[in-house]
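A short write-up of the structure that comes next.
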Amino acid sequence: METRFEVKGLSHTLEVFENLRDQIGDAKKSSRILTKVAYNAMKPVLSTAQQKVAEDTGMLHNSLTIVAGRPTRKDMASNYVKPTDSAIAKVTTKPIPKRLRREVSAKFGHFLKEGDKKAFSRARKKFYHSQNIFYDGRAIANEFGTANMSAQPFLRVSLESQQQTVSELVGMLLDQEIRNFIAKNPPTTVK
């Protein structure tokens, strides 16, 4: 007795899987789905971190943001990023654009040449504030402490308290993105 099976449409199914891999996986550098999912999953961590920081000037609160993307070499140096990670997201302070840092050096560098670090710091802070950049260098001091201040971590605590929520959100958002992809690219019936 011999049993035979015939599979039709397999080539189209493989094509859909390859297309899905290209859109969601690491095959294309232009893929944004994993980055979008990672970014949105970190929103509860950002919210918790903003609630935990001291509300003195509000600058630290306003400087916190989510940065998501493909891991860089610098990211790979972290214990938290693995070589197999396709996308990462982190809560951090907003990066200051290089163009503005160069402008600050050009405008206020004379203070440093004169040895007046405090005047340079005040001018730099005022300039950044005028550009709606709320950089607050106290994030690192609060998180890890200094010689004069004990650590008051808020980023690590926020991530640890929200890790279950972030994991669940990644699964839910990725499922939603895959369903959206399938809805836009429905499989055709092959006869």
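Check Arg138 against each of (1) touching a residue at least 12 places away in the same chain (Cβ under 8 Å); (2) under 17 Å from the mean Cα position of the chain (by Cα) and name the one condition it does not meet.
All conditions pass for Arg138, except number (2).
Here are some conditions: (1) assigned to a loop (DSSP other than H, G, I, E, B); (2) touching a Lys or Arg at 6+ places or on another chain (Cβ under 8 Å); (3) open to solvent by 30 Å² or more (accessible area, probe 1.4 Å). Val157 meets all but one. Which one does it not meet?
For Val157, the exception is condition (1).
Just for region 108-127: of the residues that are without any contact (Cβ under 8 Å) to a residue 12 or more places away in the chain and of a type in the set (A, V, I, L, M, F, W, C), which one is least open to solvent (accessible area, probe 1.4 Å)? So that I can check it myself, show each step before the final result.
As a first pass, look at region 108-127 and keep what is without any contact (Cβ under 8 Å) to a residue 12 or more places away in the chain: 109-110, 112-119, 121-122, 125-126.
In the following step, the residues that additionally are of a type in the set (A, V, I, L, M, F, W, C) were identified as 112, 119.
Details: Leu112: 86, Ala119: 11 Å².
The residue in question is Ala119.
Scan region 5-24 and tell me whether some residue there is outside any strand (DSSP E or B) and modelled with pLDDT of 80 or more. Even if it seems obvious, please write down each step before you answer.
As a first pass, look at region 5-24 and keep what is outside any strand (DSSP E or B): 5-24.
Filter once more, keeping what is modelled with pLDDT of 80 or more: none.
No: zero hits.
Specify the residue that is nearest to Met42 (Cα to Cα); the eligible residues are those in region 79-91 that are open to solvent by less than 40 Å² (accessible area, probe 1.4 Å) and either in a loop (DSSP other than H, G, I, E, B) or modelled with pLDDT under 90 (or both). Write out each step before concluding.
Of all residues in region 79-91, those open to solvent by less than 40 Å² (accessible area, probe 1.4 Å) come to 81, 86-89, 91.
After this cut, where a residue has to be either in a loop (DSSP other than H, G, I, E, B) or modelled with pLDDT under 90 (or both) as well, the list is 81, 86-87.
Numbers: Val81: 15, Ser86: 16, Ala87: 12 Å.
Step by step, filter region 79-91, then rank; the result is Ala87.
I'm trying to understand the selection: among the residues of region 128-154, which are surrounded by 15 or more Cβ atoms within 10 Å (Cβ to Cβ) and aromatic (Phe, Trp, Tyr)?
Scanning region 128-154 gives Tyr128, Phe134, Tyr135, Phe154.
Go through region 38-74 and report how many residues are modelled with pLDDT under 90, hydrophobic (A, V, I, L, M, F, W, C), part of a helix (DSSP H, G or I) and under 22 Å from Gln162 (Cβ atoms).
Result for region 38-74: 1.
Checking Arg99 against (1) open to solvent by less than 80 Å² (accessible area, probe 1.4 Å); (2) without any contact (Cβ under 8 Å) to a residue 12 or more places away in the chain; (3) under 27 Å from Arg32 (Cα atoms), only one condition comes out false. Which one?
Result: Arg99 fails condition (1) only.
Which of the following residues is of a type in the set (A, V, I, L, M, F, W, C), touching a Lys or Arg at 6+ places or on another chain (Cβ under 7 Å) and on the phi < 0 side of the Ramachandran plot: Ile133, Ile88? Lay out the reasoning, then the answer.
Numbers: Ile88 fails: touching a Lys or Arg at 6+ places or on another chain (Cβ under 7 Å).
Going through Ile133, Ile88 in turn, the sole match is Ile133.
The values are calculated or read from the model by the stated rules, or taken from the named source; none is laboratory data. Here the structure is a predicted model, which is why all the values come from computation and not from measurement. Please note: Cβ atoms are built from the backbone with ideal geometry, for glycine as well, and neighbour counts cover all protein chains shown. Heavy atoms of the whole protein, side chains included, go into the accessibility calculation; ligands, DNA and RNA do not. Shrake-Rupley method; radii C 1.70, N 1.55, O 1.52, S 1.80 Å.
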